[in-house]
Amino acid sequence: MREGPRLRVSLWVYGALFLAALAVLPWIGAARLAPQAVAAHLGAVRTAEGLIFFHQRVPRVLLALLTGGALALTGAALQVLFRNPLAEPWTLGVSGGAAIGAFAAQAVPALDLAFGPLTATQALALAGAAGVMAMIYGFARRWGAVSAQTLLLAGVTISIVSGSLIMLMTYFVAPYRFVSFHRWMMGGLDVIGYRDVWTFLVPGLPGLAILGWLAREYNHLALGEDTALGHGVDVARVQRWTFLGAGLTTAACVTVAGPIGFVGMIVPHVVRRLSGFDNRRVLPGAFLLGGAVLALCDGVGRTVIAPTEIPVGAITAVLGGPVFLYILVRR
Amino acid sequence: MSEARLRLDGVGFAYTDGPWRLSVDGLAFGVERMVCIVGPNGSGKSTLLRLAAGILAPREGSVTLDGRPLAGLGRRAIARRLGFLPQETPALFDYSVEEVAGMGRYAHLRGAGVMTAADRRAVARALDAVDMTGLRERPLSHLSGGERRRALIASVLAQEPELLLLDEPTGALDMHHAAAVMRLLSDVGGSGPAVVLVTHDVNLAALFGDRLLLLAEGRVAADGAAADVVRPGIMRRAYGEDVLVRTHPESGGPLIVPRRRVPAGPEAAHA
């Protein structure tokens, strides 16, 4: 019997990576920034380097860290809920649902409302995410456990259809905005200033808090619903709150960055392999590592063919797609 | 030690699909140290246990714990007094024995769920009781079937309930492993929680159970001491086939053995 010592990578390591990404990545980009010029911006003089650094690079890296972290943490929770190693907001179609909602708010001028950090885009993205969540939940209730393959097939289909639907609707509604919508649909993080960070945090923070609070319950669910019930876990309540929490985090991510796939699926597996299966470690670990990974992917995306930027979603899909296929085939 | 009295009164239950139905009335658990629920496949053993554990809600009638309906108690409040171990535990992740045993403390933890020294002692006692202390760091995938069962029993023992409900704790185990688990549970029943378990093995039930509850087609066919339940006529009616009843050479209790040939006759014809 194999009895090797299991790895126990500490959360501090992921935390260090997260902070390293925040410290290093803003210095990387199309324009080379001299540290002196950036530092000068903090004094009396406004410098162009300082503006780029503090108003473009830092919020963008921050948003990548938050989005990647939220996707990975949500993926870790959904993988337990659906007992499916390939589950995440994108493969379940939740991102697609949120994208349709967000698109509707952006494309129809009458719906383009905002009250500070609260926007109609968020609300409709949440409605779209909730719609898909409710659909999955309804199916699961009616037919017992939906088979893993059926669930994924349906989810990926929703994601693809929603993408095509948005493209199609763009031609009718606002063809001149095609390029910007296309970039958003591929998952992009071209933000300026901190408004999007707040836009993310309003639904994202409560969502993350809900899922994080349930980490211990997910350990019990991993042993099967009946065992969890026997231990005293209110399984139905955990399921309901997970749907709500995952809907909030997905809506937050899609609103600011479009549907980004595969980060949410792969990162939790990496953390489990490195740090064991206790979800009280896996969830925070996935948040920290997922953030660092997405920020790095975005860093690559905005430097390889600078000054042109590659949407980060295209990079995660190219890197993550093969891993998805590998897990799918190996099952 | 056990004070919990679990009662099922006028309980009726049916799954949505099909005509099958379970009806039991006036059943009480928590008096005897070990109750074994036996009966042929499809007789309702697991359903009865799941109703008793509050996992299933009865269509009619009531399941009460010391007079209070289970339906009105929260899962956590139930779990502090009733332990339940299902037949199958499909583990999604490869937890260690100690992690699994520790999960049994869930209902006792408050707030963020940090274990106190008392919780850790309960886990250590549970691991000791199932003789898994030496294997506590081993992941589930590296355990034999019997060891895995014992690890899961440790989790419900760490829960320190007053009454322990187990569905086929010896299922899929070799004869000697099954007997070891039964011996362990009867030791548990002597000092800790009273045990109610489902088993398809009438001989193990007769050997270890203080009381046997025989189910057939969703109804109680016999209920009492092994000597009163394991009788040729009762067994034939429940299982639809003649069996030979002998005496266990050590315990003096009943022991059943199947017949090699089904005897010709009106009784055997429909079997």
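The values are calculated or read from the model by the stated rules, or taken from the named source; none is laboratory data. Quantities reported herein were computed from a predicted structural model and do not represent experimental measurements. With ideal geometry, Cβ positions are generated from the backbone for all residues, glycine too; neighbour counts draw on all protein chains shown. Just so you know, the surface numbers come from the protein's heavy atoms only, side chains and all, with ligands and any DNA or RNA stripped out. Shrake-Rupley method; radii C 1.70, N 1.55, O 1.52, S 1.80 Å.
Quick test for you: out of B:243, B:188, B:229, B:202, pick the one residue that is open to solvent by less than 60 Å² (accessible area, probe 1.4 Å) and within 26 Å of residue B:79 (Cβ to Cβ). Before the answer, list the steps.
On the way: B:243 fails: within 26 Å of residue B:79 (Cβ to Cβ); B:229 fails: within 26 Å of residue B:79 (Cβ to Cβ); B:202 fails: within 26 Å of residue B:79 (Cβ to Cβ).
That would be B:188, the only listed residue that is open to solvent by less than 60 Å² (accessible area, probe 1.4 Å) and within 26 Å of residue B:79 (Cβ to Cβ).
Can you tell me which residue among B:147, B:162, B:137 is open to solvent by 10 Å² or more (accessible area, probe 1.4 Å), at the interface with chain A (Cβ under 9 Å from one of its Cβ atoms) and either touching a residue at least 12 places away in the same chain (Cβ under 8 Å) or over 19 Å from residue B:54 (Cα atoms) (or both)? Give the derivation first.
Working: B:147 fails: at the interface with chain A (Cβ under 9 Å from one of its Cβ atoms); B:162 fails: at the interface with chain A (Cβ under 9 Å from one of its Cβ atoms).
When all the criteria are applied, what remains is B:137.
Looking only at segment A:222-231, count every residue that is out of contact with any strand residue (DSSP E or B) (no Cβ under 8 Å at 6 or more places or on another chain) and open to solvent by 10 Å² or more (accessible area, probe 1.4 Å) and tell me the total. Break it down stepwise before answering.
Quick first cut of segment A:222-231, residues out of contact with any strand residue (DSSP E or B) (no Cβ under 8 Å at 6 or more places or on another chain) only: A:222-225, A:228, A:231.
Then drop every residue that is not open to solvent by 10 Å² or more (accessible area, probe 1.4 Å), which leaves A:225.
Number of matching residues: 1.
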Per the list (1) surrounded by 15 or more Cβ atoms within 10 Å (Cβ to Cβ); (2) under 22 Å from residue B:168 (Cα atoms); (3) among the β-branched types (Val, Ile, Thr), residue check on residue B:64 breaks on (2)
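Please specify each residue of segment B:85-107 satisfying the condition of being without any contact (Cβ under 8 Å) to a residue 12 or more places away in the chain and either more than 8 Å from every other protein chain (Cβ to nearest Cβ) or of a type in the set (D, E, K, R) (or both). Before you say what the answer is, go through the steps one by one.
Initial filter on segment B:85-107 (without any contact (Cβ under 8 Å) to a residue 12 or more places away in the chain): B:88, B:90, B:92-93, B:99.
Listed by number, the residues that qualify are B:88, B:99.
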Pairing a residue in segment A:16-31 that is surrounded by 13 or more Cβ atoms within 10 Å (Cβ to Cβ) with any residue that is aromatic (Phe, Trp, Tyr), where Cβ atoms lie under 7 Å and the two sit 6 or more apart in sequence or on different chains, gives A:26/A:53
Filtering helices (runs of 4 or more DSSP H) wholly in segment B:56-165 for at least 3 residues that are at pLDDT 90 or above and farther than 30 Å from residue B:26 by Cβ gives B:97-103, B:117-129, B:145-158
Restricting attention to segment B:246-271, the residues that are modelled with pLDDT under 85, open to solvent by less than 80 Å² (accessible area, probe 1.4 Å) and assigned to a loop (DSSP other than H, G, I, E, B) number exactly 3
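How many residues does segment B:150-159 contain that are open to solvent by 10 Å² or more (accessible area, probe 1.4 Å) and either touching a Phe, Trp or Tyr at 6+ places or on another chain (Cβ under 8 Å) or farther than 17 Å from residue B:104 by Cα (or both)? If you could, list the steps in order and put the result at the bottom.
Quick first cut of segment B:150-159, residues open to solvent by 10 Å² or more (accessible area, probe 1.4 Å) only: B:150, B:157.
Still in the list and also either touching a Phe, Trp or Tyr at 6+ places or on another chain (Cβ under 8 Å) or farther than 17 Å from residue B:104 by Cα (or both): none.
Here the count works out to 0.
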Whether any residue in segment A:47-64 is open to solvent by 20 Å² or more (accessible area, probe 1.4 Å), among the small types (Gly, Ala, Ser) and assigned to a helix (DSSP H, G or I) is what I want to check. yes
* Asked: Within segment B:41-51, can one find any residue that is open to solvent by 40 Å² or more (accessible area, probe 1.4 Å), within 11 Å of another protein chain (Cβ to nearest Cβ), among the basic types (Lys, Arg) and in a helix (DSSP H, G or I)?
  -> yes
Pairing a residue in segment A:81-106 that is under 30 Å from residue A:224 (Cα atoms) and more than 14 Å from chain B (Cβ to nearest Cβ) with any residue that is assigned to a helix (DSSP H, G or I) and among the aromatic types (Phe, Trp, Tyr), where Cβ atoms lie under 8 Å and the two sit 6 or more apart in sequence or on different chains, gives A:91/A:324
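When you look at residue B:126, is it more than 8 Å from chain A (Cβ to nearest Cβ) and open to solvent by less than 10 Å² (accessible area, probe 1.4 Å), yes or no? Let's see the steps before the verdict.
Details: more than 8 Å from chain A (Cβ to nearest Cβ): yes; open to solvent by less than 10 Å² (accessible area, probe 1.4 Å): yes.
Criteria met by residue B:126.
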Result of the Cβ filter at 7 Å on segment A:39-54, keeping first residues that are in contact (Cβ under 8 Å) with a residue 12 or more places away in the chain and partners that are open to solvent by less than 70 Å² (accessible area, probe 1.4 Å) and among the polar types (S, T, N, Q), at least 6 apart or interchain, is A:41/A:47
Practice problem: Could you please let me know if residue A:115 is at pLDDT below 90 and buried (at least 24 other Cβ atoms within 10 Å of the Cβ)? | Solution: no
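This table checks each residue for (1) free of Cβ contacts under 8 Å to residues at least 12 places away in the same chain; (2) not β-branched (Val, Ile, Thr).
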residue: A:232; (1), (2): yes, yes
residue: A:236; (1), (2): yes, yes
residue: A:247; (1), (2): no, yes
residue: A:262; (1), (2): no, yes
residue: A:271; (1), (2): no, no
residue: A:275; (1), (2): no, yes
residue: A:295; (1), (2): no, yes
residue: A:298; (1), (2): no, yes
So the helices (runs of 4 or more DSSP H) completely within segment A:233-331 holding 3 or more residues that are in contact with a Ser or Thr (Cβ under 9 Å, 6 or more places away or on another chain) and open to solvent by less than 10 Å² (accessible area, probe 1.4 Å) are A:235-257, A:263-275, A:279-301
Residue pairs qualifying under the 8 Å Cβ cut-off, at least six apart or on distinct chains, with the first in segment B:63-80 being under 17 Å from residue B:11 (Cβ atoms) and within 14 Å of chain A (Cβ to nearest Cβ) and the second being open to solvent by 40 Å² or more (accessible area, probe 1.4 Å) and part of a helix (DSSP H, G or I), are B:65/B:81
- Message: Yes or no: segment B:197-209 includes at least one residue that is in a strand (DSSP E or B) and of a type outside the set (Ser, Thr, Tyr).
- Response: yes
For segment A:209-229, pairs from a residue that is more than 9 Å from every other protein chain (Cβ to nearest Cβ) to a residue that is part of a helix (DSSP H, G or I) and of a type in the set (Gly, Ala, Ser), with Cβ under 6 Å and 6 or more apart or across chains, are A:210/A:245; A:211/A:77; A:211/A:245
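Only one of B:118, B:179 is away from chain A (no Cβ under 12 Å) and more than 23 Å from residue B:39 (Cα to Cα); which?
Details: B:179 fails: more than 23 Å from residue B:39 (Cα to Cα).
It is B:118.
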